[in-house]
1. Keeping to region 21-58, report how many residues are surrounded by 15 or more Cβ atoms within 10 Å (Cβ to Cβ), among the β-branched types (Val, Ile, Thr) and within 30 Å of Leu284 (Cβ to Cβ).
2. Take the residues of region 253-269 that are surrounded by fewer than 18 Cβ atoms within 10 Å (Cβ to Cβ) and in contact with a strand residue (DSSP E or B) (Cβ under 9 Å, 6 or more places away or on another chain): which is nearest to Pro198 (Cα to Cα)?
3. Just checking, does region 178-185 include any residue being free of Cβ contacts under 8 Å to residues at least 12 places away in the same chain and in contact with a Lys or Arg (Cβ under 6 Å, 6 or more places away or on another chain)?
4. Has region 205-222 got any residue that is within 16 Å of the chain's Cα centre (by Cα), more than 19 Å from Trp267 (Cα to Cα) and either assigned to a loop (DSSP other than H, G, I, E, B) or without any contact (Cβ under 8 Å) to a residue 60 or more places away in the chain (or both)?
5. Quick one: which of Gly35, Gly79 is modelled with pLDDT of 95 or more, assigned to a loop (DSSP other than H, G, I, E, B), closer than 24 Å to Leu165 by Cβ and in contact with a Phe, Trp or Tyr (Cβ under 8 Å, 6 or more places away or on another chain)?
6. With the condition kept exactly as written, say whether any residue in region 97-106 is under 18 Å from Val163 (Cβ atoms), in a strand (DSSP E or B), of a type outside the set (Gly, Ala, Ser) and without any contact (Cβ under 8 Å) to a residue 60 or more places away in the chain.
7. Just wondering, is there one or more residues in region 59-72 that are surrounded by 22 or more Cβ atoms within 10 Å (Cβ to Cβ), modelled with pLDDT of 95 or more, under 24 Å from Ile201 (Cβ atoms) and not polar (S, T, N, Q)?
8. Given the criterion in contact with a strand residue (DSSP E or B) (Cβ under 9 Å, 6 or more places away or on another chain), touching a residue at least 60 places away in the same chain (Cβ under 8 Å) and buried (at least 24 other Cβ atoms within 10 Å of the Cβ), identify the matching residue among Pro196, Pro188.
Amino acid sequence: MKTKLHSYVFVLLFPLTASAQDATEIPLWASGAPGFESRKNEPTIAKDWWIKNIHNPTLTIYLPPKEKATGAAVVICPGGGHRELVFNAEGHDPAVFLNSIGVAAFVVKYRLAREENSVYTIDKHVREDAYRAIRTVRNRAREWNVDPTRIGMLGFSAGGEVVALVAYAQGDGNPSAADPIDRGNGKPDFQMLVYPGPLGIPESLPPNAPPAFLLAANDDACCAGPVITLLKMYHEAKIPVEAHIFTQGAHGFNMGYRSALHSINGWPQRMADCSSDDHILEPLTKETKK
C-alpha cells in the first residue's frame, strides 16, 4: 500500500449501517484440527462480546452482493489477547464494512493459546489456523467470486500477531499433501494491522513482505510501538506502506463506531482510501469471473 494520503468518497456511497449477506460458518478442517480431531464437536462458549473454548477452528463467510463485488477478499483475525476472541466488534463489524465496499470477508475463529488450560501454542497451532484460512479462501476463490491474487488479512491487536505469523514467512504449501488445500500458498497479498500486538514482528522484513496499512493511537501503551517499528522497517525496505498514528484512542477502539473522537470514528475510511489507491478495489476482470 502506497504512502500517499489522497481522500476518496468511495466508501461514502455505501452507508456504514449496510447489512452483510447471510453469513455462513465452515470448519477449517472437515474432520477437526490436525491432532485434535477428537475435540471438533466441543462447543464454543460465547458471552457478551467474546468467544472462547475454540477447538474446531472455523471461517465465517461474508460475501458482498455480486453487483458490488470487486474480487478482493480479506481474512479477518479478531483480537482478544489469545484468551478470547472479540468476534462481533473485530470480526462481524469489519466484515460488514468490507462487504459495503465490495470486499469478501472471512472471519477466523482461531484457537486460543493463552486461554486457561489451553493445550495450544501460538507458533504452531494458531499459525496452522492462519495458514489454513488463507489457503481455504484461495482454494475456493472461484466459488466465492474472489481473485486469488487479491487476498489480504486484517488483524486487530492479538489478531495482528496472527497475521504476522504468515505475512513474513514464505507460505509455500506442501505439494505432496493429500488435501489439495494444504498444497496452496498461505501468504496474504496485502495486510491491514490495527493496533497490532508485538509478537511476530521480524528483525528485518523479507523482500516479499506484503504491502501494509498500519494504524494505532499514540496513547496506546501496548501497540503504538509495533506500528512505528514496522513503518520504519517498511520505509527502509522500500516496500509499500501507509501508516496512521492518532493522538488519542488508546487500545481496543475496534471499528471506531462508538468513539467520540472524529479521527477514530472515521478510520475505516482511511483503510478504504488506501485500498482504492492501491487498486485492490478494482472490479473483477473477465478472466476472474469465469
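1. Residues that pass the stated criteria total 1.
2. By that ranking, first place goes to Ser263.
3. For region 178-185, residues free of Cβ contacts under 8 Å to residues at least 12 places away in the same chain and in contact with a Lys or Arg (Cβ under 6 Å, 6 or more places away or on another chain): absent.
4. Filtering region 205-222 down to residues within 16 Å of the chain's Cα centre (by Cα) leaves 209-216.
Still in the list and also more than 19 Å from Trp267 (Cα to Cα): 209-210.
Restricting the remaining residues to those that are either assigned to a loop (DSSP other than H, G, I, E, B) or without any contact (Cβ under 8 Å) to a residue 60 or more places away in the chain (or both) gives 209-210.
Checked region 205-222: at least one residue is within 16 Å of the chain's Cα centre (by Cα), more than 19 Å from Trp267 (Cα to Cα) and either assigned to a loop (DSSP other than H, G, I, E, B) or without any contact (Cβ under 8 Å) to a residue 60 or more places away in the chain (or both).
5. Numbers: Gly35 fails: in contact with a Phe, Trp or Tyr (Cβ under 8 Å, 6 or more places away or on another chain).
Step by step, each of Gly35, Gly79 is checked, and only Gly79 is modelled with pLDDT of 95 or more, assigned to a loop (DSSP other than H, G, I, E, B), closer than 24 Å to Leu165 by Cβ and in contact with a Phe, Trp or Tyr (Cβ under 8 Å, 6 or more places away or on another chain).
6. Within region 97-106, the first condition is being under 18 Å from Val163 (Cβ atoms), and the residues that meet it are 97-98, 103-106.
Still in the list and also in a strand (DSSP E or B): 104-106.
From the residues that got through so far, the ones that are of a type outside the set (Gly, Ala, Ser) too are 106.
The next check asks that each one be without any contact (Cβ under 8 Å) to a residue 60 or more places away in the chain; those that pass are 106.
Checked against the condition, which is being under 18 Å from Val163 (Cβ atoms), in a strand (DSSP E or B), of a type outside the set (Gly, Ala, Ser) and without any contact (Cβ under 8 Å) to a residue 60 or more places away in the chain, region 97-106 yields at least one hit.
7. no
8. Details: Pro196 fails: touching a residue at least 60 places away in the same chain (Cβ under 8 Å).
Of Pro196, Pro188, the one residue that is in contact with a strand residue (DSSP E or B) (Cβ under 9 Å, 6 or more places away or on another chain), touching a residue at least 60 places away in the same chain (Cβ under 8 Å) and buried (at least 24 other Cβ atoms within 10 Å of the Cβ) is Pro188.
The values are calculated or read from the model by the stated rules, or taken from the named source; none is laboratory data. Not measured: the values here are computed from a predicted model. Reconstructed Cβ throughout: ideal geometry from the backbone, glycine too, with neighbour counts over all protein chains shown.
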